[in-house]
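Written out below as structure tokens is the structure these notes cover.
The values are calculated or read from the model by the stated rules, or taken from the named source; none is laboratory data. Owing to the predicted nature of the structure, the values given are computational and were not obtained by experimental measurement. So basically every Cβ, Gly included, is an ideal-geometry build from the backbone, and we count neighbours across all protein chains shown. Each accessible area value is taken on the protein alone, full model and side chains, heavy atoms only, with ligands, DNA and RNA left out. Shrake-Rupley method; radii C 1.70, N 1.55, O 1.52, S 1.80 Å.
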Amino acid sequence: MGRMTATPARRVLLAAPRGYCAGVDRAVIAVEKALEQYGAPIYVRHEIVHNKYVVQTLEKKGAIFVDVTAEVPEGSIVMFSAHGVAPTVHAEAAERKLATIDATCPLVTKVHKEAVRYAKEDYDILLIGHEGHEEVIGTSGEAPDHIQLVDGPEDVANVEVRDESKVVWLSQTTLSVDETMETVGALKSKFPNLLSPPSDDICYATQNRQIAVKKLAEDAELVIVVGSKNSSNSIRMVEVALDAGADAAYLVDFASEIDEAWLEGVTTVGLTSGASVPDVLVDGVIEWLAERGYADVETVKTADESITFSLPKELRRDLRAEAAALSAE
């Protein structure tokens with residue numbers, strides 16, 4: 001009789017922390033509370049967070065997502081997304097007599113305030129981020145005459161400033177930590193007096209999830225990141241996994257998007273999710289993998305997260321009455 005060859009045990013390494021950060025949790029609950037408190041519709045300027053499932057779920061409950069403020073009927077309630085908006089958007093809302101709820105993540109608000117402060121001190125502000133991202137648009141709008149975007153290390157050669165002794169860098173909160181510091185290094189080589197912000201702009205949750213995915217990549221041949229294609233922090237996690245040594249890494253919204261061919265020759269799958277992803281989507285991937293022999297799930301914990309943010313103060317007021325009063329003016 002021939003000797004039987006043992007099949008390597010198949011397992012899933014599940015990242016912790018993963019999924020919702022405090023800012024996303026606050027924004028999603030804010031939409032749900034507004035719908036409960038004021039009734040549908042609640043208009044939301046842009047996606048409240050960058051996740052397809054979350055947006056679709058809130059739409060079913062009565063949220064209406066719009067691209068521009070002009071789409072919101074006068075006398076309505078509009079909520080600003082977790083990514084923040086420029087001061088001009090607040091002005092547009094006032095002109096249209098809209099009652100507003102600001103669900104901007106407090107960590108994004110911190111960057112906005114830094115931009116305003118450095119602009120008042122007449123600094124050239126180098127904003128590290130991705131062109132067109134809502135957060136970048138919102139931050140740039142705080143001080144458009146002082147801010148210029150630096151979209152990665154390769155963009156540094158194009159940067160020009162008025163006074164090399166008065167230059168500061170800020171960043172989008174959802175970037176790759178490693179790439180951002182590479183960009184900062186290149187900027188410091190060009191501008192030795194470059195000032196850093198008082199605290200790191202990249203949010204704690206983004207950093208924690210990138211550290212966790214690096215740990216997964218040490219042992220997993222395949223890393224699956226649950227997240228949407230327009231989620232900057234989710235895209236970065238795929239890149240971080242590949243840079244950290246994973247043979248393959250993919251971004252999926254749902255378990256149904258996983259290609260079984262990815263599992264060929266794979267004994268260990270790393271699984272994590274972006275900061276705007278509810279756990280129900282990760283659970284779906286765990287079930288999908290279990291059906292294909294990856295029933296052993298081991299949690300890989302790299303940090304504890306206990307940060308929470310209070311809900312927007314506007315949810316403690318009668319906004320329907322305020323909107324009616326504004327439209328009557």
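For the range 19-75, report the accessible area per residue in Å² (1.4 Å probe, heavy atoms, rounded to an integer).
Each residue of the range 19-75 exposes 42 Å² on average to a 1.4 Å probe.
Within the accessible area of the range 62-109, what % is carbon and sulfur when the probe is 1.4 Å and the other protein chains stay in place?
Here carbon and sulfur together make up 55 percent of the probe-accessible area.
Solvent-accessible area per residue for the range 194-301 at a 1.4 Å probe radius, Å²?
Numbers: 4210 Å² over 108 residues.
Here the residues of the range 194-301 average 39 Å² of exposed surface.
Within a Cβ distance under 11 Å of Leu251, other residues only, what is the Lys/Arg minus Asp/Glu net charge?
-1
When the helix-only estimate is applied to the chain (DSSP H runs of n ≥ 4, each -39,500 (n - 2.57), divided by the residue count), what is the mean residue ellipticity at 222 nm, nearest 500 deg cm²/dmol? It would help to have the intermediate numbers written out before the result.
Values: 10 runs with 122 residues, N = 329.
Only helices count here, giving -11500 deg cm²/dmol.
Once you put a point 7 Å from the Cα of Lys188 and another 7 Å from the Cα of Glu329, both along the Cβ direction, what distance in nm separates them?
4.8 nm
Keeping all protein chains in place, calculate the accessible area per residue for the range 81-166 (probe 1.4 angstrom), answer in Å².
Accessible area per residue, the range 81-166: 45 Å².
Please state the shape class of the range 117-204: rounded when a/c is under 1.5, otherwise prolate if a/b exceeds b/c and oblate if not, all from the C-alpha gyration tensor.
Rounded.
Taking all protein chains in place and a 1.4 Å probe, what share, in percent, of the accessible surface of the range 139-205 do carbon and sulfur account for?
The C+S portion of the solvent-accessible surface of the range 139-205 is 48 percent.
For the chain, what does the equivalent ellipsoid look like in terms of its semi-axes, each the square root of 5 times an eigenvalue of the Cα gyration tensor, given largest first in whole Å?
Output for the chain: semi-axes of 38, 29, 14 Å.
Between Arg162 and Glu305, what is the FRET efficiency for a Förster distance of 56 Å, r being their Cβ-Cβ separation, to the nearest 0.05?
0.85
Once the piece of chain linking Lys33 and Ala261 is laid out straight, how much longer is it, given 0.36 nm per residue of separation minus the C-alpha distance between them?
Between Lys33 and Ala261, full extension yields an extra 77.9 nm.
How many nm is it between the label spots at Glu298 and Asp247, if each spot is 7 Å from the Cα in line with the beta carbon?
In this crude label model, Glu298 to Asp247 measures out at 1.7 nm.
Ala290 to Lys229: FRET efficiency via 1/(1 + (r/R0)^6), r the Cβ-Cβ distance, R0 35 Å, to the nearest 0.05?
Calculated transfer efficiency: 0.85.
Looking at the range 137-230, which GluC sites (Glu not before Pro) are DSSP coil and have at most 13 other C-beta atoms within 10 Å of their C-beta? Write down the numbers at each step before the final one.
On the way: sites: Glu142, Glu154, Glu160, Glu164, Glu179, Glu182, Glu218, Glu221; in loops: Glu142, Glu160, Glu164, Glu221.
Loop-located and lightly packed - Glu160, Glu164.
Please give the net charge around Glu329, taking every other residue with its beta carbon less than 13 angstrom from that of Glu329, where Lys and Arg add +1 and Asp and Glu add -1.
For residues surrounding Glu329, the net value is -1.
So which of Lys61/Lys214; Lys120/Lys229; Lys61/Lys229; Lys113/Lys301; Lys113/Lys190; Lys60/Lys214 end up more than 28 Å apart by C-alpha? Intermediate values should be presented prior to the final figure.
On the way: Lys61/Lys214 37 Å; Lys120/Lys229 36 Å; Lys61/Lys229 23 Å; Lys113/Lys301 33 Å; Lys113/Lys190 26 Å; Lys60/Lys214 36 Å.
Violating the 28 Å Cα-Cα cut-off are Lys61/Lys214; Lys120/Lys229; Lys113/Lys301; Lys60/Lys214.
What is the percent carbon and sulfur in the accessible area of the range 209-329, measuring with a 1.4 Å probe over the protein chains and ignoring ligands?
49 percent
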